[in-house]
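Peer 1: A single structure is presented below for examination.
The values are calculated or read from the model by the stated rules, or taken from the named source; none is laboratory data. Keep in mind the model is a prediction, meaning the values are calculated, not measured. Neighbour counts are summed over all protein chains in view; Cβ atoms, including those assigned to glycine, are modelled from backbone coordinates with ideal geometry.
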Amino acid sequence: MLLPKINPTTTKAWQQLDAHFETINDAHIQELFTSKKGRRKAMSFIWEDISLDYSKNRITSETLELLLQLANECKLQEAIDAQFNGEQINETEGRAVLHAALRDFNSMKPEVKAALNQMRDFSEKVITGAWKGHTGKEIKAIVNIGIGGSDLGPAMVTEALTFYKNHLDVHYVSNVDGDHVMETLKKLDPETTLFIIVSKTFTTQETLTNATTIRKWFIEQASEEAVSKHFVAVSTNLEAVRGYGISEENIFPMWDWVGGRFSLWSAVGLSTCCAIGYTHFEQLLKGAHAMDGHFKETSFDKNMPVILAMLSIWYNNFFQTETEAVLPYSQYLDKLVDYLQQAVMESNGKSIDRNGEPVDYQTGTIVWGSTGTNAQHAFMQLLHQGTKLIPSDFICYTESLYGNKDHQEKLLANCYAQADALAQGTYGKPVENNFKRFEGNSPSNMLKIEKLTPNSLGKLIALYEHKLFVQGVIWNIFSYDQPGVELGKKMAKARLG
Ligand code: F6P
């Protein structure tokens with residue numbers, strides 16, 4: 001079975017939510033807390049090392065029931081099953097969507113296992129120094145040459161897992177900005193640098209231009225024969241890679257059933273695997289796999305991706321909010337928002353439904369944000385006192401990695417205080433004048449994770465992957481293609497003549 005093709009606005013639940021919205025729109029979160037004891041407990045749950053508190057939303061238990069009814073009427077469970085069963089749910093491209101299979105250690109596809117083994121062997125050689133450069137020196141630096149999904153996921157994860165990193169110095173070159181390429185190369189020694197060219201299609205202009213420039217720079221200082229010791233590639237397009245002079249044993253596979261923005265779990269994550277070592281990389285995959293199980297098997301009322309997705313739909317389609325903020329209280333997650341922007345906006349930035357008709361309701365949300373507490377000293381003013389309603393996700397870790405208690409207490413106090421201030425404002429409290437008034441009533445979710453580990457990071461990323469899938473299912477759009485990126489590419493080509 002392919003994905004259902006139900007216009008969500010024609011469901012009973014949608015009509016009921018429309019009416020229900022009128023009763024909720026005027027209610028204040030603070031009021032909802034005082035009128036119902038035990039709200040926080042009722043609207044929180046823990047799964048493994050992650051807790052979700054969604055009590056600071058503009059909802060009642062009835063809202064949630066209706067949202068889950070909407071999910072049922074849109075046949076969400078059938079859609080989830082279709083994805084995990086490998087149906088060709090990416091209908092416009094005739095492909096299955098199986099990034100979850102990349103981390104399914106229970107029943108792993110043989111080609112996935114073989115690629116992981118290849119990654120393990122290769123990364124071990126590089127890390128231990130068994131892999132030598134053309135002058136017999138060990139590799140000290142790695143440069144990932146890729147863009148979009150071939151850059152953002154690995155770059156985000158490598159940075160997020162800095163604590164678990166080894167001695168290798170890892171760089172990411174994505175933009176076709178020659179100055180950035182030169183600034184990166186300036187720091188590198190061709191004798192001790194390994195370049196990983198990552199491109200699912202091996203046709204991407206930026207990546208091929210950067211790879212060509214870097215290869216030329218390398219050959220000028222080494223030789224054509226030395227390329228095989230310093231360049232490896234990850235792609236589905238083996239012919240194009242071979243044509244590029246990369247030897248067979250240095251090619252890592254990719255498959256058309258993995259979308260670029262969901263590919264960090266595959267050999268696209270080779271730079272990460274080298275940076276943190278295979279054991280940690282496998283833990284990342286296992287964390288994501290655990291989240292896959294949670295998503296597939298848990299009833300919707302205790303299903304993290306489903307709850308987050310349906311709340312986001314509540315704001316997007318009934319409150320007509322345009323954006324949502326993601327606010328991780330961990331500097332390690334500095335690149336999470338960049339990564340999510342591609343994952344979410346490239347997936348759900350669609351206006352044609354699965355029947356091929358234009359939609360007459362809002363789809364993909366705009367995701368933005370930054371790390372706390374930096375955000376508090378930058379844009380949070382607008383969330384507190386501006387005119388726009390912006391739902392937020394707070395993400396924090398109970399434990400810090402280096403164990404500095406003083407900093408951690410301050411970090412967490414700020415995180416919780418922001419969520420409280422957004423929800424409560426100065427509601428019911430005397431204020432000197434209007435300038436000091438905070439409306440409050442700004443919704444947020446609190447994701448509290450015990451500790452940043454490869455495993456918990458895998459869970460977090462998979463959580464957002466599944467959230468965006470649920471949203472696409474309900475909005476009746478195809479989330480796994482991206483035809484909207486093609487026109488600009490063609491126009492740029494035409495300009496270059
Ligand atoms: O143009 C957008 C896009 O196709 C993304 O979806 C993808 O992640 C990126 O380009 C890079 O593509 P590739 O890995 O094929 O070079």
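Peer 1: Could you give every pair whose Cβ atoms fall below 6 Å, whose first residue belongs to segment 288-309 and is within 15 Å of Ser456 (Cβ to Cβ), and whose second residue is aromatic (Phe, Trp, Tyr) and surrounded by fewer than 24 Cβ atoms within 10 Å (Cβ to Cβ), counting only separations of at least 6 or pairs across chains?
Peer 2: His294/Trp47
Peer 1: List the residue pairs whose Cβ atoms are under 8 Å apart, where the first residue sits in segment 246-274 and is more than 15 Å from Ala101 (Cα to Cα), the second is among the basic types (Lys, Arg) and more than 13 Å from the ligand (Cβ to nearest atom), and the two are 6 or more positions apart or on different chains.
Peer 2: Final answer for the pair search is Glu248/Arg242; Ile251/Arg242; Cys273/Arg120.
Peer 1: For the subset of segment 341-352 comprising residues that are among the small types (Gly, Ala, Ser) and not in a helix (DSSP H, G or I), which member is nearest to Arg261 (Cα to Cα)?
Peer 2: Step by step, filter segment 341-352, then rank; the result is Gly349.
Peer 1: Just one of the numbered conditions (1) touching a helix residue (DSSP H, G or I) at 6+ places or on another chain (Cβ under 9 Å); (2) farther than 20 Å from Leu161 by Cβ; (3) part of a loop (DSSP other than H, G, I, E, B) is not true of Asn355; which one?
Peer 2: (1)
Peer 1: Still on this model: Does Gly403 meet the test of being under 29 Å from Glu282 (Cβ atoms), touching a Leu at 6+ places or on another chain (Cβ under 7 Å) and not assigned by TED's automatic domain parsing to the domain that holds Thr201?
Peer 2: no
Peer 1: Would you say Thr92 is of a type in the set (Ser, Thr, Tyr) and within 30 Å of Asp169 (Cβ to Cβ)?
Peer 2: No, not satisfied.
Peer 1: Okay, moving on. What are the residues in segment 109-168 that are of a type in the set (Ser, Thr, Tyr) and under 24 Å from Met254 (Cα atoms), if any?
Peer 2: Ser123, Ser150, Thr158
Peer 1: Restricting attention to helices (runs of 4 or more DSSP H) lying wholly within segment 175-290, give those where 2 or more residues are away from the ligand (no atom under 16 Å from the Cβ).
Peer 2: Filter on segment 175-290 gives 178-186, 205-221, 227-230, 270-276.
Peer 1: Then there's this: Return yes or no: is Leu468 assigned to a helix (DSSP H, G or I), at negative phi and within 16 Å of the ligand (Cβ to nearest atom)?
Peer 2: For Leu468, the condition - assigned to a helix (DSSP H, G or I), at negative phi and within 16 Å of the ligand (Cβ to nearest atom) - is met.
Peer 1: Any residue in segment 460-473 that is touching a residue at least 60 places away in the same chain (Cβ under 8 Å) sitting within a Cβ distance under 7 Å of a residue that is of a type in the set (S, T, N, Q) and in a helix (DSSP H, G or I)? List the pairs, counting only those 6 or more apart or interchain.
Peer 2: Leu468/Ser347; Leu468/Asn348; Phe469/Gln83; Gln471/Ser312; Gln471/Asn348; Gly472/Ser347; Gly472/Asn348
Peer 1: I would also like to ask the following. Do we find a residue being more than 30 Å from Gly293 (Cβ to Cβ), in contact (Cβ under 8 Å) with a residue 24 or more places away in the chain and in contact with a Lys or Arg (Cβ under 6 Å, 6 or more places away or on another chain) anywhere in segment 437-457?
Peer 2: no
Peer 1: Can you tell me how many residues within segment 307-364 are within 16 Å of the ligand (Cβ to nearest atom) and not β-branched (Val, Ile, Thr)?
Peer 2: 14
Peer 1: Can you name the condition, by its number, that Val126 falls short on among (1) within 16 Å of the ligand (Cβ to nearest atom); (2) in contact with a strand residue (DSSP E or B) (Cβ under 9 Å, 6 or more places away or on another chain); (3) over 26 Å from Asn85 (Cβ atoms)?
Peer 2: Exception for Val126: condition (1).
Peer 1: Something else now. Which condition does Lys216 not pass, out of (1) more than 21 Å from Val112 (Cβ to Cβ); (2) at pLDDT below 95, if it passes all the others?
Peer 2: (2)
Peer 1: Turning to a different aspect of this structure: Just to be sure before I move on: is Asp81 surrounded by fewer than 16 Cβ atoms within 10 Å (Cβ to Cβ), under 20 Å from Phe469 (Cβ atoms), charged (D, E, K, R) and under 22 Å from the mean Cα position of the chain (by Cα) in the structure I sent?
Peer 2: Yes: the conditions hold for Asp81.
Peer 1: Further, regarding this structure: Sort out which residues of segment 327-340 are in a helix (DSSP H, G or I) and either without any contact (Cβ under 8 Å) to a residue 40 or more places away in the chain or touching a Pro at 6+ places or on another chain (Cβ under 9 Å) (or both), and write them in order of number.
Peer 2: Answer for segment 327-340, where residues must be in a helix (DSSP H, G or I) and either without any contact (Cβ under 8 Å) to a residue 40 or more places away in the chain or touching a Pro at 6+ places or on another chain (Cβ under 9 Å) (or both): Leu336, Val337.
Peer 1: Still on this structure, please answer the following. If the Cβ limit is 8 Å and pairs must be 6+ apart or interchain, which residue in segment 197-214 that is over 13 Å from Thr236 (Cα atoms) pairs with which residue that is more than 10 Å from the ligand (Cβ to nearest atom) and part of a helix (DSSP H, G or I)?
Peer 2: Gln205/Ala492; Gln205/Lys493; Asn210/Val181; Thr213/Gly178; Thr213/Val181; Ile214/Val181; Ile214/Leu185
Peer 1: Tally time: how many residues in segment 182-228 are surrounded by fewer than 20 Cβ atoms within 10 Å (Cβ to Cβ), in contact with a strand residue (DSSP E or B) (Cβ under 7 Å, 6 or more places away or on another chain) and of a type in the set (Gly, Ala, Ser)?
Peer 2: Going through segment 182-228 one residue at a time, the tally reaches 0.
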